[in-house]
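Just below is one structure, and these are the notes that go with it.
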Amino acid sequence: MLRRKMSKKRRLLGKKEILKSVSNRTKEALTDLVILDTTGSTNDEAKKKLSEIVSFNQSYAVFAEQQLSGRGRSGKKWVSPANLNIYFSLAWKSLLKPSELEGLSLSVAVVVSKKLKPILTESLKIKWPNDLFIGGKKVGGILVETSSNQEETGIVVGVGLNVLMSDKEGASIDQDWTSLNLHQEKSLDRNLIAGLVLDAVLELKSNFEEKGFCHYKPQFEEVNLLKNSECVVTFDKGTLTGKVVGVTDKGELIFTENEKT
């Protein structure tokens, strides 16, 4: 789809500008980077790229200025206004089985929060299982989708991050939300943020293949929003109230209720 001309008010995403923040080492694993003006979902666009991947060393990145059918976990709608935020997906193939990808969404959240920390006044926190928070409100989310056969697993990692949102653009969001710009004194460069997010996920691609979530678990616990918090967990048969202790080596939530785990 054709890109719009650059707006005088808002700088659009650009391939050259994004790649400035991607290291040469991680850039080697990037086969192509596509920036769309409008799409239904970057994850859906990235899924199409899986058919073009012939090597486990390849990966395709997709960014969009606007999503018309953006979604989060469990199919929930992700509000995606134009030219304000980061809507990004990376696709690759792996020898890992879907059962070996437990904790991947948490790992993505870890690397993104760590990579963005130097440019943010306030650090990002992670709310299990796949949300990014800042100032006690949701600012982003991770959506991992897979497809597999006997030989390989196709992986698509999607990252949505509110960057320049105002109350007007977020009026239709049905939960507490925020945007990175609301926590910064200086203006934010979306191309810089996009490049850092891309670099983070490319680094994760190789590390997770070798080490799994165990490699990221200590870092996750440092920014675990729910740790030692009283929470209500909903099950098919009801709810339980208790305290979140942490996560297992697979990224599963450890929950204590009535002195039991």
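The values are calculated or read from the model by the stated rules, or taken from the named source; none is laboratory data. Computed from a predicted model, the values in this text were never measured in an experiment. A quick note on method: Cβ atoms are made from the backbone with ideal geometry, for glycine too, and the neighbour counts reach across all protein chains shown. Heads up: the accessible areas ignore ligands, DNA and RNA and are worked out on the full protein's heavy atoms, side chains in. Shrake-Rupley method; radii C 1.70, N 1.55, O 1.52, S 1.80 Å.
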Evaluate the following for Lys20: is it of a type in the set (Lys, Arg) and modelled with pLDDT of 95 or more?
-> yes
Taking Ser74 as meeting all but one of (1) at pLDDT 95 or above; (2) farther than 19 Å from Leu196 by Cβ, write down the number of the exception.
-> (1)
Matching option when the condition is open to solvent by less than 10 Å² (accessible area, probe 1.4 Å) and not polar (S, T, N, Q), among Leu164, Leu106 | Leu106
Number of positions in segment 77-95 that are hydrophobic (A, V, I, L, M, F, W, C), modelled with pLDDT under 95 and either closer than 18 Å to Ala46 by Cβ or buried (at least 23 other Cβ atoms within 10 Å of the Cβ) (or both) | 1
Can you list the strands (runs of 3 or more DSSP E) found entirely within segment 49-156 that contain at least 1 residues being closer than 26 Å to Glu28 by Cα?
-> 60-67, 86-94, 137-148
When Gly103 is run through (1) modelled with pLDDT of 95 or more; (2) on the phi < 0 side of the Ramachandran plot, the failure sits at (2)
Matching residues, segment 25-39, being open to solvent by 30 Å² or more (accessible area, probe 1.4 Å) and at pLDDT below 95 | Arg25, Lys27, Glu28
Say we look at segment 109-151 and pick out the residues that are open to solvent by less than 20 Å² (accessible area, probe 1.4 Å) and small (Gly, Ala, Ser); which of these is farthest from Lys217 (Cα to Cα)?
-> Gly140
Would segment 175-192 turn up any residue that is open to solvent by less than 30 Å² (accessible area, probe 1.4 Å), touching a Gly at 6+ places or on another chain (Cβ under 8 Å) and either part of a loop (DSSP other than H, G, I, E, B) or not polar (S, T, N, Q) (or both)?
-> yes
Residue tally, condition over 21 Å from the mean Cα position of the chain (by Cα), open to solvent by 40 Å² or more (accessible area, probe 1.4 Å) and among the hydroxyl-bearing types (Ser, Thr, Tyr), over segment 205-261 = 4
Would you check if Thr239 is within 29 Å of Val112 (Cα to Cα), modelled with pLDDT under 90 and either of a type in the set (Ser, Thr, Tyr) or part of a loop (DSSP other than H, G, I, E, B) (or both)?
-> no
Within segment 203-236, tally of residues that are in a helix (DSSP H, G or I), touching a residue at least 12 places away in the same chain (Cβ under 8 Å) and acidic (Asp, Glu) | 3
